[in-house]
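As structure tokens, the structure follows; a few thoughts come after it.
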Amino acid sequence: MPAGKLGLALTARELTALVADDLKQVESVLRLESIGSVEAVSSIARYLQGNGGKRLRPILLLVSCRLFRDPTPEAIQLAAVAELIHTATLVHDDVIDEAKTRRGKSSANVVWGNQTSVLAGDWLYMQAFQIALRLRRFDILDLLITLTQRMVDGELLQLERLGRIGISEADALELIDHKTASLFAACTRLGGIAGGAGEVELAVLSDFGWNLGMAFQIADDILDFTARESVLGKPVGNDLREGKVTLPLCYALDSATEEERGLVDAVLADRAYQRVTFDQIKSVLVRRGGIERARLRAREFTAKARGLLEQFPDTPARAALMAATDLVADRDR
């Protein structure tokens, strides 16, 4: 294994080791809170939770809490809330995108159908809010409601832009902000709230999570073009097949020829790699520097995230969050 990959593996273990016992408690809460009165809901929840997720969002929340104190029962509950919201978004996204696979397995909409999956996603959202409501904290409920509205806004914006080749960098970053970075920011802020952080510290944590989330999604968009399907857990080139022009392609199109733009237009029109192959599109990205430019942009966000962490004392929790920035920017899945 190359040294760089070994280093990433070590930082991943370092990050999860700090909250391993906390995560066991989160898993227990998730199992308990995913039992619905209708069997389909419970089955979908179990299916998704056993589907190989990294639990990155709960981990970020728990480690952020550890900047100030050991996670409390409130932090465990909030970590479960974050994962339930994330799971709900995945269910709805797969229905909207007509996805066939998720993390190497058939997506919930393929197994149970669109109607049942949409309702199960709704149930997961409501269950997350039910857990949060028990904490009787209006600041937490306000944050979660604002977050959910922002994520739905992002999904609607994406639907409006499907099939359009004229997506600007600002458009692409706006979608990342709404759909991914806002959830990361909420997780790190919630961790700070559970840890008893002050308002200035909460603002820094939120900013850190946002920058980390931006980098995470840009890396994800790059992987859609560069990863192997067996590693990615879904078909490569899927974003463009679904009509989405993400940041790497957006950058490539900045200097693309009319012929190259025509290749992209053909895939957007066909919603398939029929007249144009995936390798042809990937060649455009490489030739026009879209992948490398996006990678540099992701690293700008992780550099900002690391700089924000410098405002906290040098503790194992801060070291783990530093590790997260490396893991996010240069991951291979």
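The values are calculated or read from the model by the stated rules, or taken from the named source; none is laboratory data. Fair warning: this is a prediction, and the values are worked out from it, not measured in the lab. Reconstructed Cβ throughout: ideal geometry from the backbone, glycine too, with neighbour counts over all protein chains shown.
Val41 falls short on exactly one of the conditions (1) touching a helix residue (DSSP H, G or I) at 6+ places or on another chain (Cβ under 6 Å); (2) among the hydrophobic types (A, V, I, L, M, F, W, C); (3) over 23 Å from Ala185 (Cα atoms); (4) at pLDDT 80 or above, and that condition is (4). Is there a residue being free of Cβ contacts under 8 Å to residues at least 24 places away in the same chain and of a type in the set (Val, Ile, Thr) anywhere in the stretch 147-155? Yes, that holds for at least one residue.
Suppose we filter the stretch 105-153 for residues that are small (Gly, Ala, Ser) and out of contact with any helix residue (DSSP H, G or I) (no Cβ under 8 Å at 6 or more places or on another chain); how many remain?
So the count comes out to 2.
Say whether the condition of being within 20 Å of the chain's Cα centre (by Cα) and either buried (at least 21 other Cβ atoms within 10 Å of the Cβ) or on the phi < 0 side of the Ramachandran plot (or both) is met by at least one residue in the stretch 31-42. Steps first, please.
Residues of the stretch 31-42 within 20 Å of the chain's Cα centre (by Cα): none.
So far as the stretch 31-42 goes, no, none of its residues is within 20 Å of the chain's Cα centre (by Cα) and either buried (at least 21 other Cβ atoms within 10 Å of the Cβ) or on the phi < 0 side of the Ramachandran plot (or both).
When Lys234 is tested against (1) in contact with a Ser or Thr (Cβ under 9 Å, 6 or more places away or on another chain); (2) more than 18 Å from Gly166 (Cβ to Cβ); (3) at pLDDT 95 or above; (4) among the basic types (Lys, Arg), exactly one condition is not met: (3).
Val245 meets each of the listed conditions (1) surrounded by fewer than 17 Cβ atoms within 10 Å (Cβ to Cβ); (2) modelled with pLDDT of 95 or more; (3) in a loop (DSSP other than H, G, I, E, B) apart from (1).
The single condition among (1) of a type in the set (A, V, I, L, M); (2) more than 30 Å from Trp112 (Cα to Cα); (3) at pLDDT 65 or above that Val29 does not satisfy is (2).
Can you tell me which residue in the stretch 130-156 is modelled with the highest pLDDT, limited to those that are among the basic types (Lys, Arg) and either in a helix (DSSP H, G or I) or in contact with a His (Cβ under 8 Å, 6 or more places away or on another chain) (or both)? Full working, then the answer.
Of the residues in the stretch 130-156, the ones among the basic types (Lys, Arg) are 134, 136-137, 150.
Adding the requirement that they be either in a helix (DSSP H, G or I) or in contact with a His (Cβ under 8 Å, 6 or more places away or on another chain) (or both) leaves 134, 150.
Details: Arg134: 91, Arg150: 94.
It comes out as Arg150.
Does Leu159 meet the test of being among the hydrophobic types (A, V, I, L, M, F, W, C), part of a helix (DSSP H, G or I), over 25 Å from Asp22 (Cα atoms) and touching a residue at least 24 places away in the same chain (Cβ under 8 Å)? Don't jump to the end; show me each part of the working.
Numbers: among the hydrophobic types (A, V, I, L, M, F, W, C): yes; part of a helix (DSSP H, G or I): yes; over 25 Å from Asp22 (Cα atoms): yes; touching a residue at least 24 places away in the same chain (Cβ under 8 Å): yes.
So Leu159 passes the test.
Pick out the one residue from Asp22, Asp122 that is over 30 Å from Arg318 (Cα atoms), among the acidic types (Asp, Glu), modelled with pLDDT of 85 or more and surrounded by fewer than 24 Cβ atoms within 10 Å (Cβ to Cβ). Every option except Asp122 fails the conditions.
If a residue must be buried (at least 16 other Cβ atoms within 10 Å of the Cβ) and among the acidic types (Asp, Glu), how many such residues does the stretch 184-203 contain? Show your work before the answer.
From the stretch 184-203, those buried (at least 16 other Cβ atoms within 10 Å of the Cβ) are 184-195, 197, 201-202; that's our starting set.
Imposing the further condition that a residue be among the acidic types (Asp, Glu) reduces the set to 201.
Residues flagged as buried (at least 16 other Cβ atoms within 10 Å of the Cβ) and among the acidic types (Asp, Glu) within the stretch 184-203 amount to 1.
When residues in the stretch 268-292 are screened for being out of contact with any Gly (no Cβ under 8 Å at 6 or more places or on another chain) and either in a helix (DSSP H, G or I) or not aliphatic (A, V, I, L, M) (or both), 15 of them pass.
When Ala319, Ala215 are screened for being under 30 Å from Gly191 (Cα atoms), in contact (Cβ under 8 Å) with a residue 40 or more places away in the chain and buried (at least 22 other Cβ atoms within 10 Å of the Cβ), only Ala215 passes.
Could you list, in sequence order, the residues of the stretch 186-200 that are in contact (Cβ under 8 Å) with a residue 40 or more places away in the chain and assigned to a helix (DSSP H, G or I)? Before you say what the answer is, go through the steps one by one.
Narrowing the stretch 186-200 to residues in contact (Cβ under 8 Å) with a residue 40 or more places away in the chain: 186-197.
The answer is Ala186, Cys187, Thr188, Arg189, Leu190, Gly191, Gly192, Ile193, Ala194, Gly195.
Checked against (1) in contact with a Lys or Arg (Cβ under 9 Å, 6 or more places away or on another chain); (2) among the hydrophobic types (A, V, I, L, M, F, W, C); (3) without any contact (Cβ under 8 Å) to a residue 60 or more places away in the chain; (4) crowded, with 16+ Cβ neighbours inside 10 Å, Ala181 passes all but condition (1). When Ile167 is tested against (1) among the aliphatic types (A, V, I, L, M); (2) over 22 Å from Lys54 (Cα atoms); (3) in a helix (DSSP H, G or I); (4) at pLDDT 90 or above, just one condition goes unmet, and that condition is (3).
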